[in-house]
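The values are calculated or read from the model by the stated rules, or taken from the named source; none is laboratory data. Everything numeric here is computed off the predicted structure, so don't read it as measured data. Virtual Cβ from ideal backbone geometry, glycine too; neighbours counted across all protein chains shown. Keep in mind that these areas ignore ligands, DNA and RNA; they rest on the heavy atoms of the full protein, side chains included. Shrake-Rupley method; radii C 1.70, N 1.55, O 1.52, S 1.80 Å.
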Amino acid sequence: MAGSLVILTGAGISAESGLGTFRDTDGLWAEFDWQELATPEAFAARPARVHAFYNARRANLTAARPNAAHTALAQLERAWLARGGDFLLVTQNVDDLHEQAGSERLVHMHGELKKMRCLGCHTVTDAVGELDTGTCCPRCQQPGFLRPHVVWFGEIPLEMDLIFQALETCTHFAAIGTSGTVYPAAGFSEVAKRAGAHLTEINLAQTETSPLFDSHVSGPASTAVPAWVEAFLAQG
Ligand code: BV8
């Protein structure tokens with residue numbers, strides 16, 4: 001019986017699709033202060049500024065397309081499920097490139113840039129066009145209650161029970177394109193290790209969590225991930 005596979009992706013898997021990472025030298029947080037833009041306090045204090053930051057990133061997303069790494073993970077999901085295995089792809093990314101590539105067993109633990117949430121009726125809907133402080137919720141029609149459906153620092157990520165349940169029973173864990181600096185995602189490798197899983201890290205560089213991993217595949221995701229998927233499926 002094929003085992004249970006959990007994959008965690010970060011900004012590095014989308015870098016070759018033209019989307020910036022966060023902590024590389026030219027990363028988003030090198031240009032912007034996350035404390036001013038990616039916290040609930042920042043949104044409460046200056047909502048228009050936070051909306052403008054996410055509107056610009058949402059607009060930047062429209063031209064982005066999946067690269068070979070996203071496609072390889074969708075193929076891995078289909079092949080692994082066909083063998084009777086379990087599969088869960090957990091992404092920290094707020095882009096929709098995994099969906100575009102065909103991934104289905106997918107969880108966006110940090111939310112989704114293309115969605116918005118109403119603080120009045122709590123409905124999550126597609127964010128169409130630019131949001132601002134006067135935009136009306138399509139469900140309750142109230143103005144001024146909408147925020148990006150993104151998990152900010154200090155907020156609890158989404159689907160944590162599902163994610164920890166998968167980690168505690170997995171036989172293989174792979175972390176792809178993530179610096180291992182943001183918790184609780186950075187702690188997932190420890191949970192998988194305690195479950196007895198084999199840990200693989202795919203990245204351009206060493207990370208803070210590298211010492212925990214059993215295997216390392218070094219290189220850009222668009223070539224390293226397809227090669228790893230092919231070898232992983234060949235090992236049976
Ligand atoms: C939580 C959405 C409690 C927003 C993001 C003090 C105050 C407040 C909180 C804390 C604190 N100290 C610690 C914390 C916890 C905090 C945290 O970890 N802070 C860090 C900075 C220390 N975490 C939180 O606040 C989280 N919530 O703790 O709640 C809780 C939790 C559980 C249970 C109960 C209670 C919420 C964190 C979520 C924040 N939201 N994003 C937005 O996008 O605007 S975080 C942000 O960082 C992104 O989501 C991103 O995904 C995430 C991680 O970054 P990476 O994806 O790893 O990207 P990065 O640039 O860092 O690295 C890129 C990697 O790719 C590199 O390794 C690079 O080498 C590699 N790479 C580059 N190119 C390629 C490549 N690899 C392969 N191929 C390539 N081509």
Per residue convex hull volume, Cα only, the chain, in Å³ is 119 Å³
Find the percent of Cα-Cα distances in the stretch 161-236 that exceed 20 Å, and round it to a whole number.
-> 30 percent
Non-local residues with an amide H under 5 Å from the amide H of Val217, with H modelled 1.01 Å from N and Pro and chain starts lacking one, are Glu201, Ile202, Asn203
Per residue value of the accessible surface for the chain (all protein chains in place, 1.4 Å probe), Å² | 47 Å²
Environment charge at Ala68 (Cβ cut-off 14 Å; Lys +1, Arg +1, Asp -1, Glu -1) = -1
Under a Cβ-Cβ cut-off of 15 Å, what is the net charge of the residues other than Gly120 that fall near it, where Lys and Arg count +1 and Asp and Glu count -1?
-> +3
Here the cysteines of the chain lacking a cysteine partner under 4.7 Å (Cβ to Cβ) are Cys136, Cys170
With every protein chain in place, the stretch 99-174: carbon and sulfur % of accessible area (1.4 Å) = 51 percent
Can you list, bin by bin at 5 Å, the percent of alpha carbon pairs in the stretch 14-90, starting at 0?
-> 3, 13, 16, 16, 15, 12, 10, 8, 5, 1, 0
Under a point-charge model restricted to the Cβ atoms of Lys and Arg (+1) and Asp and Glu (-1), what is the dipole moment magnitude of the chain relative to its Cα centre, in debye to the nearest 20?
-> 400 debye
Over the Cα atoms of the stretch 1-133, compute the convex hull volume and normalise it per residue, giving Å³.
-> 122 Å³
Note down the Stokes-Einstein diffusion coefficient of the stretch 74-149 in µm²/s, whole number, using a Kirkwood radius over alpha carbon pairs, 10 °C, and 1.306 mPa s.
-> 113 µm²/s
Rg in Å to one decimal, and Dmax rounded to a whole Å, for the stretch 105-157 via C-alpha atoms = 11.2, 35
Taking the convex hull of the alpha carbon atoms in the stretch 107-229, what volume per residue do you get, in Å³?
-> 134 Å³
The set of residues whose placed amide H lies less than 5 Å from the amide H of Leu106, leaving out same-chain residues fewer than 5 positions away, is Leu89
